[in-house]
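> After the structure tokens below, expect a handful of questions from me.
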């Protein structure tokens with residue numbers, strides 16, 4: 001943890017960490033870690049659009065606001081753990097990806113429990129929707145099944161490797177590859193219309 005005097009508790013002065021933070025961001029991160037609401041507001045404003053975009057791509061626009069808010073609540077709670085070993089934006093982005101994957105996994109489990117008896121009806125509705133609606137890329141992305149969408153976004157849009165995706169989503173690398181293939185095939189079908 002970086003203290004207000006710029007020293008790391010574990011390692012003494014850390015010039016490398018300070019060098020990776022711009023003076024303004026570093027000061028805001030340190031101040032916010034010690035409870036400065038205005039410093040956290042500046043951090044929020046600087047990063048909210050990128051986190052919101054990630055949330056839209058991973059979970060769809062209807063869940064993006066809530067997930068974005070959850071990420072910044074978690075960041076506020078965990079800010080004291082940021083040690084400056086990487087850029088703050090990288091730390092925040094990784095926190096966001098981890099939180100979103102976790103929330104989407106929990107939502108999937110909840111949905112599976114709730115819709116177990118409605119599966120045939122849900123499948124019929126999904127087929128009907130896919131026949132009637134001509135989708136552009138963003139809408140097509142939102143229509144992907146959750147697992148396939150998450151893997152597609154993390155792999156093809158964010159550049160994560162299958163091994164990393166498997167760890168984050170608590171699946172196997174083979175499942176990640178399968179979901180990516182599935183997502184690409186579905187997107188191709190929708191976009192070829």
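> Answer yes or no: is there a residue in the range 124-147 that is assigned to a loop (DSSP other than H, G, I, E, B), under 18 Å from residue 56 (Cβ atoms) and at pLDDT 85 or above.
Scanning the range 124-147, I find at least one residue that is assigned to a loop (DSSP other than H, G, I, E, B), under 18 Å from residue 56 (Cβ atoms) and at pLDDT 85 or above, so the answer is yes.
> State the number of residues belonging to the range 61-81 that are crowded, with 19+ Cβ neighbours inside 10 Å and either at pLDDT below 90 or not assigned by TED's automatic domain parsing to the domain that holds residue 39 (or both).
0
> So, in the range 90-102, of the ones that are in contact (Cβ under 8 Å) with a residue 40 or more places away in the chain and either outside the structural domain of residue 34 (by TED's automatic domain parsing) or farther than 16 Å from residue 30 by Cβ (or both), which residue ends up surrounded by the fewest Cβ atoms within 10 Å (Cβ to Cβ)?
Taking the candidates together, the pick is 98.
> If you go through the range 161-193, how many residues are touching a helix residue (DSSP H, G or I) at 6+ places or on another chain (Cβ under 7 Å), modelled with pLDDT under 90 and not in a helix (DSSP H, G or I)?
1
> Something else: Report yes if residue 12 is modelled with pLDDT of 85 or more, loosely packed, with under 15 Cβ neighbours inside 10 Å and at positive phi, otherwise no.
no
> May I ask you to say which residue of 50, 57 is outside the structural domain of residue 157 (by TED's automatic domain parsing), under 22 Å from residue 149 (Cβ atoms), surrounded by fewer than 18 Cβ atoms within 10 Å (Cβ to Cβ) and within 12 Å of the chain's Cα centre (by Cα)?
Of 50, 57, the one residue that is outside the structural domain of residue 157 (by TED's automatic domain parsing), under 22 Å from residue 149 (Cβ atoms), surrounded by fewer than 18 Cβ atoms within 10 Å (Cβ to Cβ) and within 12 Å of the chain's Cα centre (by Cα) is 50.
The values are calculated or read from the model by the stated rules, or taken from the named source; none is laboratory data. Here the structure is a predicted model, which means the values were calculated and not measured. We place every Cβ from the backbone using ideal geometry, glycine too, and count neighbours over all the protein chains shown.
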